[in-house]
Amino acid sequence: MFRMTRYMQALSDAVPAGRQPRAGAPGGPVVIWNLVRRCNLTCRHCYATSADKDFPGELDTAQVYDVMDDLKGFGVPVLILSGGEPLMRPDIFDISRRAKSLGFYVGLSSNGTLIDENNIDDIAAIGYDYVGISLDGLGATHDWFRRREGGFEEALRGIRLCRDAGIKVGMRFTLTRDNAADLPGLLDLMDEEGVDKFYLSHLNYAGRGNKHREDDAHHRMTRDAMDLLFERCLGHIEAGHPGEFVTGNNDADGVYLLRWAERRSPRDRVQRLRAMLERWGGNASGVNIANIDNLGNVHPDTMWWEYKLGSVKERPFSVIWSDTRDPLMAGLKQSTRPLKGRCAECAGRAICGGNSRTRAWQLTGDFWAEDPGCYLSDAEIGVADHPPRMPVTPYRRKAAQQQEDATACADSAGS
């Protein structure tokens with residue numbers, strides 16, 4: 001996750017150098033926990049390929065509590081409770097209260113449509129540190145992505161109810177070529193509604209997103225979107241109400257910000273920014289970001305659902321996460337990952353950390369191949385005379401194809 005506001009403050013006259021925050025790695029892994037796969041929507045880019053049906057084998061309440069105790073003992077500071085739609089899990093408030101009582105920072109990731117006047121008081125009473133609600137565009141665009149007529153207004157209602165209840169609430173937006181034109185309007189909506197946070201996710205190739213890889217934003221479109229976010233973020237800082245702008249699933253954003261700053265900021269501030277970005281270090285999959293799915297399987301992050309490290313039903317998370325006998329985890333935890341291609345030669349690798357290993361694996365079957373989602377030119381990353389980039393035809397592993405076929409059947413049965 002790239003916390004843009006934090007780094008942009010290093011470039012602003014509005015924030016004195018002595019007051020600018022230092023940025024570094026968190027003390028332990030942030031856990032995104034897909035507590036339930038059931039969802040009332042079937043979104044086009046859902047990495048969990050959810051449906052409105054029960055999925056057998058999900059952790060029960062007692063098992064969730066046992067895992068939570070282990071996470072706390074292991075030093076996990078943050079739990080992001082997700083799904084599916086987490087509000088469709090009957091014990092979600094019990095789980096949330098217990099997580100808060102244990103001292104976790106607790107976030108709720110929702111599509112917003114189930115937040116209404118009947119449950120907003122219960123949601124507020126939990127004391128969630130943050131509620132993220134997905135918007136995939138304005139009006140009809142959002143409804144098309146979410147496959148639900150009226151879904152935009154329902155999600156916006158959820159945002160407003162959270163805001164009015166004093167809950168820190170944010171908009172979550174996944175960028176594709178089909179909704180990029182709505183980004184300026186969503187940022188305007190953020191200001192109009194007094195929303196605290198805006199999170200832009202680059203489409204990663206996993207789940208339904210992998211089937212619709214052609215819907216990923218083109219590199220030029222990604223650059224335009226990032227330029228817009230930089231300008232909006234800087235404007236908020238200079239106006240004295242910085243808010244919080246964050247991006248995810250493309251750690252090249254840090255390198256791109258540095259190149260952007262080099263063209264417009266004083267040298268001393270660029271140097272300060274570079275130092276902050278290198279302390280951040282980019283991609284944290286398998287190190288500071290973890291995922292537990294609805295069945296209790298542990299993954300290096302939420303986009304690695306095809307790669308299972310172990311199950312909390314069989315071994316504690318703390319044991320699974322510390323086990324480097326797995327070749328992927330061994331490589332991810334190396335201070336210098338064994339990257340190949342452009343990523344190995346990149347002058348910005350200390351900032352982005354090699355970016356998404358999921359995308360590389362999806363297209364080549366190699367964890368360490370260059371990330372095809374990097375939108376910077378060879379010149380911008382200090383790579384000269386590099387051969388043409390890899391073809392975009394996804395690499396098909398037999399097991400992955402079988403899983404995809406089974407998922408398609410499950411989606412059909414749940415529709």
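The set of residues in the range 165-179 being within 14 Å of Tyr128 (Cα to Cα) and charged (D, E, K, R) consists of Lys168 alone. Candidates Asp52, Asp60: the one that is open to solvent by 10 Å² or more (accessible area, probe 1.4 Å), modelled with pLDDT under 80, of a type in the set (Asp, Glu) and more than 30 Å from Val255 (Cα to Cα) is Asp52.
Residues in the range 303-336 that are open to solvent by 20 Å² or more (accessible area, probe 1.4 Å) and out of contact with any His (no Cβ under 9 Å at 6 or more places or on another chain): 19 in all. For the range 205-262, the set of residues classified as basic (Lys, Arg), under 18 Å from Ile381 (Cα atoms) and modelled with pLDDT under 95 consists of Arg220, Arg223, listed by residue number. Does the range 262-270 contain at least one residue that is open to solvent by less than 10 Å² (accessible area, probe 1.4 Å) and either not acidic (Asp, Glu) or not in a strand (DSSP E or B) (or both)? No, because not a single residue in the range 262-270 is open to solvent by less than 10 Å² (accessible area, probe 1.4 Å) and either not acidic (Asp, Glu) or not in a strand (DSSP E or B) (or both).
Looking only at the range 275-289, decide whether some residue is under 19 Å from the mean Cα position of the chain (by Cα), without any contact (Cβ under 8 Å) to a residue 12 or more places away in the chain and open to solvent by less than 30 Å² (accessible area, probe 1.4 Å). Checked against the condition, which is being under 19 Å from the mean Cα position of the chain (by Cα), without any contact (Cβ under 8 Å) to a residue 12 or more places away in the chain and open to solvent by less than 30 Å² (accessible area, probe 1.4 Å), the range 275-289 yields no hits at all. Cβ-Cβ contacts under 6 Å between residues 6 or more apart (or on different chains), taken from a first residue in the range 376-392 that is modelled with pLDDT under 90 to a second residue that is assigned to a loop (DSSP other than H, G, I, E, B) and surrounded by fewer than 17 Cβ atoms within 10 Å (Cβ to Cβ), are listed as His386/Asp378. For the range 119-132, the criterion of being among the acidic types (Asp, Glu) and out of contact with any helix residue (DSSP H, G or I) (no Cβ under 7 Å at 6 or more places or on another chain) is satisfied by at least one residue. Only residues in the range 226-246 that are farther than 18 Å from Lys168 by Cα count as the first member; pair them with residues that are open to solvent by 40 Å² or more (accessible area, probe 1.4 Å) and in a helix (DSSP H, G or I), Cβ under 8 angstrom, at least 6 apart or cross-chain, and list the lot. Matching pairs, first to second residue: Leu228/Pro184.
Within the range 340-358, which residues are farther than 22 Å from Met276 by Cβ and either open to solvent by less than 50 Å² (accessible area, probe 1.4 Å) or among the polar types (S, T, N, Q) (or both)? Gly341, Arg342, Ala344, Arg357, Thr358 - these are the residues of the range 340-358 that are farther than 22 Å from Met276 by Cβ and either open to solvent by less than 50 Å² (accessible area, probe 1.4 Å) or among the polar types (S, T, N, Q) (or both).
The values are calculated or read from the model by the stated rules, or taken from the named source; none is laboratory data. Quick caveat: nothing in here was measured; it's all calculated off a predicted structure. With ideal geometry, Cβ positions are generated from the backbone for all residues, glycine too; neighbour counts draw on all protein chains shown. Side chains included, ligands, DNA and RNA excluded: accessible areas come from the protein's heavy atoms. Shrake-Rupley method; radii C 1.70, N 1.55, O 1.52, S 1.80 Å.
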